[in-house]
Amino acid sequence: MRKGKRFFKTFVLAAAFCAMSAVPCTSHASAVDVPRAASDNTFATASRINMGDTLNGSITETKDYNNYQFQLDSAGCISLNMTAYMKNYCIRIYETDGTEIWYTDENYWNETVGYRRDEYNIYLEKGTYYIQINGYAYRTYQKSTGEYTCRTSFTSSGVTNREDDNSFADANNIAIGDKIVGQISVNDDFDTYKFTLSQVGCVKLDMTSYMQYYCIKLFNSDGEEIWYTSENEWTSTVGYRSDSYDLYLEKGTYYMQINGYDWGTYYKSTGKYVCNTSFTGSGVSFDGDDNDFKTAKQISWNKKYIGQISENDDFDNYIFSVPKDQTIAIDITSYMRYYCIRIFDSDGKEIWETDDNEWNSNVGYRKDSQNIVLSAGKYYMQINGYAWGKSYKSTGKYVFSVSSLSQANCNHDYSSKWVDATYFEKGYRLYTCEKCGKKYKDDYVAKRQLDQGSISSWYSSGGKGKIYLRWYTISDASGYQIRYCKKKSMKSGVKVMTVKGQRKYKKTISKLSRRKRYYVQVRAYKKSGKKTVYGKWSQKYMLKTK
């Protein structure tokens, strides 16, 4: 991955990078002071250094450049801590063929203190490089002179990929389940990986990027892009970003490309990334091409089937037969954000569809029973993940079955009627499904109550060992109950008699003790078959026999 491009200052703290890296950091720290060299104006005469050395140098009237050569045994980040006592300084990094891969210039000092300090973290691939320090301000072609001190250090990224891997032909072979540690460098644009899936399922990518931006692109074996994510900017306060992606894919060979480009601004980021991969098979009932009716899969009644809409698969087509005119039920559980079902007749004419069926995001799925009236014959069913109103494609797994309509799989179309309350049952609204006949009740109201009994004091009186009792009749009553007792509390010695008939309104109670007080109550009752309900007892009324 060697491409010469110019990139401006990268302010990523090496200490923060080490702290967040999942791979132990290694660095050279020889702490050797490299003295000023008399003749290092060219690459051929460049001073050889190790990362960890401190570079002490000067730009004079007769000396324009100081060149240093260093070698990296692995990909990682070099850190340059520069203190320049020049009005302006410039640092440039070259590869061995003289290609400039990074620079910073027009770094003007603080005139008040007479120097300037900066730190640069530059991600490089394994190899040999040249650092050139000079005093030129390229916009004005003005040369500054003076001394500088530059402390160097190196942190390995512990990458698992090999270079060069900028193309599909040079892609790194990986197995899903591997942990990928990579780096996008100033002299490296892309990291490419190749993997093969032996079955249909979901590839999970857990990505942690220490670049300001990152982009992941997925290609099929023909080099066609089938998925991408870009403009993923880090959280600057922590210096990284973590994301998780579920990619539903058909079986086959794929290429994954990781880069640091923010496509919206065409800005390239550099840095380390860690990507953990895993795979979950979907256990689909059929695999292979089924995107058209010619390749539709035969399905049977009352059997569950599993399918998947993938990044590289738009439609699943099935064929089934209906033995007689009837309403059928398609029971589906979809783990896609949206799903759509379309039914076609044997001539390929669409006769029914349902779309924009969005999942419950809290649980990550949606369950439905779709009911369709069909005549006897052969039909095609197409399932896809499109929300047609939004032109948005969902991917994921789904489970479905086709069967005859029953109360269990009917999606129910209810009509209702009101049933009045009686003295024996509550009132309610009765709902009846017009498709399958299922019924249920709702909106209950209380049972009707008989009016409280009431004794007519004007016409009630006592006689010789008798009581002449009259009461007011109550509509809907089947008859009346009378109870009487010598004790006002009516806790013992109570006698009860029944008078049948709603229109009855009087009763003589005989064979009572003479010259005694009797307390009397009356209430209505309602009878239906073996059921009987009662109204409330009237107020107690006292009558005295003679």
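Laboratory data are not the source of any read-out in this text; all were calculated from the coordinates shown. Please read these numbers as outputs of a predicted model, since none were measured by experiment. Here Cβ is always computed from backbone atoms with ideal geometry, including for glycine, and neighbour counts include all displayed protein chains.
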With a ≥ b ≥ c taken as the square roots of the eigenvalues of the C-alpha gyration tensor of segment 315-443, please select rounded if a/c is under 1.5 and otherwise prolate if a/b is larger than b/c or oblate if it is not?
oblate
Between ASN302 and SER198, how high is the FRET efficiency from 1/(1 + (r/R0)^6) when r is the Cβ-Cβ distance and R₀ = 35 Å? Nearest 0.05.
0.70
Under 12 Å from the Cβ of ASN172, count the other residues' Cβ atoms, weight Lys and Arg +1, Asp and Glu -1, and hand me the total.
-4
Neighbour cut-off at most 13 other Cβ (10 Å), DSSP loop, trypsin sites (Lys or Arg not before Pro), segment 280-372
LYS303, LYS304, LYS324, LYS349
Rg to Rh for segment 24-156: what is it, with Cα atoms only and Rh by Kirkwood?
0.95
Most exposed first, judged by fewest Cβ atoms within 10 angstrom, VAL113, VAL419, VAL274 run VAL113, VAL419, VAL274
Cβ-Cβ cut-off under 9 Å around SER456, Lys and Arg +1, Asp and Glu -1: the net charge is +2
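Taking the number of other C-beta atoms within 10 Å as the exposure measure, put SER460, SER375 in order starting with the fewest.
SER375, SER460
Given Cα positions, please report Rg to Rh for segment 258-373, the hydrodynamic radius being the Kirkwood one. Could you put the intermediate results ahead of the total?
Values: Rg = 19.6 Å, Rh = 17.7 Å.
Reported Rg/Rh, Kirkwood definition of Rh: 1.11.
If the chain between MET542 and SER361 were fully stretched, how many nm would it gain, using 0.36 nm times the residue separation less the Cα-Cα distance? Working shown, then result.
On the way: separation 181, 0.36 × 181 = 65.16 nm, distance 7.24 nm.
Full-extension gain reported as 57.9 nm.
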Roughly speaking, what is the stretch gain from TYR428 to GLU353, that is 0.36 nm per residue apart minus the C-alpha to C-alpha distance, in nm to one decimal?
23.4 nm
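Please list, by residue number, every one of the GluC sites (Glu not before Pro) in segment 348-454 that is coil in DSSP and has at most 11 other beta-carbon atoms within 10 Å.
On the way: sites: GLU350, GLU353, GLU358, GLU425, GLU434; in loops: GLU425, GLU434.
Within segment 348-454, the qualifying GluC sites (Glu not before Pro) (loop, at most 11 other Cβ atoms within 10 Å) are GLU434.
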Shape verdict for the chain, please, from the Cα gyration tensor: rounded (a/c under 1.5), prolate (a/b greater than b/c) or oblate.
prolate
For labels at ASP289 and TYR392 in the simple 7 Å Cα→Cβ model, what's the distance in nm?
3.1
Percent of alpha-carbon pairs separated by more than 14 Å within segment 56-98:
62
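Just to confirm a number: summing +1 for Lys and Arg and -1 for Asp and Glu over residues other than THR42 whose beta-carbon lies under 13 angstrom from that of THR42, what do you get?
Details: positive: LYS63; negative: ASP40, ASP64.
Net charge around THR42: -1.
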Filtering chymotrypsin sites (Phe, Trp or Tyr not before Pro) in segment 115-157 by DSSP loop and by at most 15 other Cβ atoms within 10 Å leaves TYR138, TYR141
Along segment 529-541, Karplus-curve 3J(HN,Hα) (6.51, -1.76, 1.60; θ = phi - 60°) to the nearest Hz, with x for Gly and Pro, reads x, 8, 9, 9, 10, 10, x, 6, 5, 5, 5, 5, 10
Alpha-carbon centroids, segment 352-388 and segment 223-279: separation in whole Å
32
Compute the FRET efficiency between THR508 and LYS487 as 1/(1 + (r/R0)^6), taking r as their Cβ-Cβ distance and R0 = 22 Å, and round to the nearest 0.05.
0.50
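Counting helices only, and only those DSSP H runs with n ≥ 4, report the 222 nm mean residue ellipticity of the chain as the sum of -39,500 (n - 2.57) divided by its residues, in deg cm²/dmol to the nearest 500.
Working: 1 runs with 7 residues, N = 546.
Rounded to the nearest 500, it is -500 deg cm²/dmol.
Considering Cα pairs under 8 angstrom that are at least six residues apart, work out the relative contact order of the chain and quote it in whole percent. Before the final figure, lay out the partial values.
Values: 1470 pairs, mean separation 48.5, N = 546.
Averaging sequence separation for qualifying contacts and normalising by length gives 9 percent for the chain.
Which order results if GLU147, GLU250, GLU225 are arranged by neighbouring Cβ count within 10 Å, fewest first? Intermediate values should be presented prior to the final figure.
Values: GLU147 15, GLU250 20, GLU225 11.
Final ranking by Cβ density, sparse to dense: GLU225, GLU147, GLU250.
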Rounded, prolate or oblate: which one fits segment 172-281, using the alpha carbon gyration tensor with axes a ≥ b ≥ c (rounded when a/c is under 1.5, else prolate when a/b beats b/c, else oblate)?
prolate
Debye calculation, C-alpha points only, no solvent: report log10 I(q)/I(0) for segment 437-546 at q = 0.24 Å⁻¹, in the same order as the q values.
-1.32
